[in-house]
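Notes follow the structure.
The values are calculated or read from the model by the stated rules, or taken from the named source; none is laboratory data. It should be emphasised that the depicted structure is a prediction, and the values quoted were computed from it without experimental measurement. Heads up, the Cβs are rebuilt from the backbone with ideal geometry, glycines too, and the neighbour counts pull from every protein chain shown. These accessible areas exclude ligands, DNA and RNA; they are computed on the full protein's heavy atoms, side chains included. Shrake-Rupley method; radii C 1.70, N 1.55, O 1.52, S 1.80 Å.
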Amino acid sequence: MQSTQDTPAQYLQPARFIDSDHPSVKRFAERVAGKEGGDAQRAVALFEAVRDGFRYDPYHIDLEPDAMRASALLERDYGFCIPKAALLCAAARVLGIPSRLGFATVRNHLTTPKLRRAMGTDIFPWHGFAELFLNGDWLKATPAFDRKLCERLGVAPLAFDGRHDAVFQEEDRRGNRFMEYVEDQGHFADLPLDELREALQVAYPNIMVNGVWTLEGRFEEDAVADRGKTT
């Protein structure tokens with residue numbers, strides 16, 4: 001259920017999936033941003049570390065509870081938008097920055113033909129991002145696409161300055177459509193995993209088989225190859 005309490009203090013507590021009390025999350029947050037200046041500087045450092053430290057990969061998705069914890073991302077070098085946002089939220093909480101998960105339905109013009117065929121659409125109903133409470137405002141921060149992927153696709157890496165929302169660009173550097181926000185789905189103090197699994201099962205029955213995401217391959221190579229055909 002979506003959270004109905006919106007006091008910043010609520011969003012500092014460790015949670016099942018935003019497990020900011022996990023030792024590896026604490027070490028990550030302190031190593032990346034523990035010596036930075038104010039909260040905005042810490043948040044920017046965390047954002048960049050999560051954005052670029054974990055390769056974006058929507059092919060290899062593990063929706064089991066243990067795999068969806070923020071701490072689990074630190075055990076591998078890849079993830080999709082939701083685990084990356086969860087890690088950013090968890091690390092922010094370690095450093096005393098209130099955080100929560102936001103979700104939106106988006107149309108992704110970057111997706112590969114393979115993923116589009118398997119999904120039967122370019123609509124993603126549960127795109128995840130982080131929301132951080134900085135200087136009295138909730139700011140959206142989207143650490144999904146790593147710098148290497150963006151550079152290979154001719155898209156400027158999404159930047160976060162700690163003062164403004166960082167949401168996906170509508171166009172790439174050549175003016176091609178990139179991402180399109182369709183509907184806001186609200187924010188949560190922790191990942192609503194059961195709702196996510198049910199929504200993906202309904203949206204993508206060709207991919208979700210008995211609750212298991214079944215794609216294989218190399219997303220980055222497929223995306224770069226397809227981008228070369230269309231630009």
*Pairs where the first residue, in segment 191-203, is among the small types (G, A, S) and the second is part of a helix (DSSP H, G or I) and surrounded by 15 or more Cβ atoms within 10 Å (Cβ to Cβ), C-beta under 7 Å, 6+ apart*: none
*Is it true that some residue in segment 130-141 is open to solvent by less than 10 Å² (accessible area, probe 1.4 Å) and under 20 Å from M208 (Cβ atoms)?*
no
*What pairs come up if the first residue lies in segment 118-142 and is over 14 Å from A104 (Cα atoms) and of a type in the set (A, V, I, L, M), the second is open to solvent by 10 Å² or more (accessible area, probe 1.4 Å) and part of a strand (DSSP E or B), and their beta carbons are under 6 Å apart, counting only those six or more places apart or on different chains?*
L132/L139
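Residues checked against (1) assigned to a helix (DSSP H, G or I); (2) closer than 30 Å to W138 by Cα; (3) modelled with pLDDT under 80:
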site: Q185; (1), (2), (3): no, yes, no
site: L191; (1), (2), (3): no, yes, no
site: D194; (1), (2), (3): yes, yes, no
site: Q201; (1), (2), (3): yes, no, no
*Could you pull out the residue among T121, T111 that is surrounded by fewer than 18 Cβ atoms within 10 Å (Cβ to Cβ) and touching a Phe, Trp or Tyr at 6+ places or on another chain (Cβ under 9 Å)?*
T121
*Just to be sure, is D62 out of contact with any helix residue (DSSP H, G or I) (no Cβ under 8 Å at 6 or more places or on another chain), open to solvent by 60 Å² or more (accessible area, probe 1.4 Å), of a type outside the set (G, A, S) and in contact (Cβ under 8 Å) with a residue 12 or more places away in the chain?*
no
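For (1) buried (at least 23 other Cβ atoms within 10 Å of the Cβ); (2) part of a helix (DSSP H, G or I); (3) among the acidic types (D, E); (4) touching an Asp or Glu at 6+ places or on another chain (Cβ under 8 Å), each residue gets a yes or a no:
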residue: E75; (1), (2), (3), (4): no, no, yes, no
residue: A85; (1), (2), (3), (4): yes, yes, no, no
residue: L88; (1), (2), (3), (4): yes, yes, no, no
residue: A91; (1), (2), (3), (4): yes, yes, no, no
residue: G96; (1), (2), (3), (4): no, no, no, yes
residue: R100; (1), (2), (3), (4): yes, no, no, yes
residue: T105; (1), (2), (3), (4): no, no, no, yes
*asked:* Can you tell me how many residues within segment 79-108 are over 28 Å from D39 (Cβ atoms) and out of contact with any Phe, Trp or Tyr (no Cβ under 6 Å at 6 or more places or on another chain)?
replied: 2
*Of the residues D62, D21, D57, D6, which single one is of a type in the set (D, E) and touching a strand residue (DSSP E or B) at 6+ places or on another chain (Cβ under 6 Å)?*
D57
*asked:* Residue under question is V50, and the condition is that it be among the aliphatic types (A, V, I, L, M), part of a helix (DSSP H, G or I) and under 26 Å from V212 (Cβ atoms); does it hold?
replied: yes
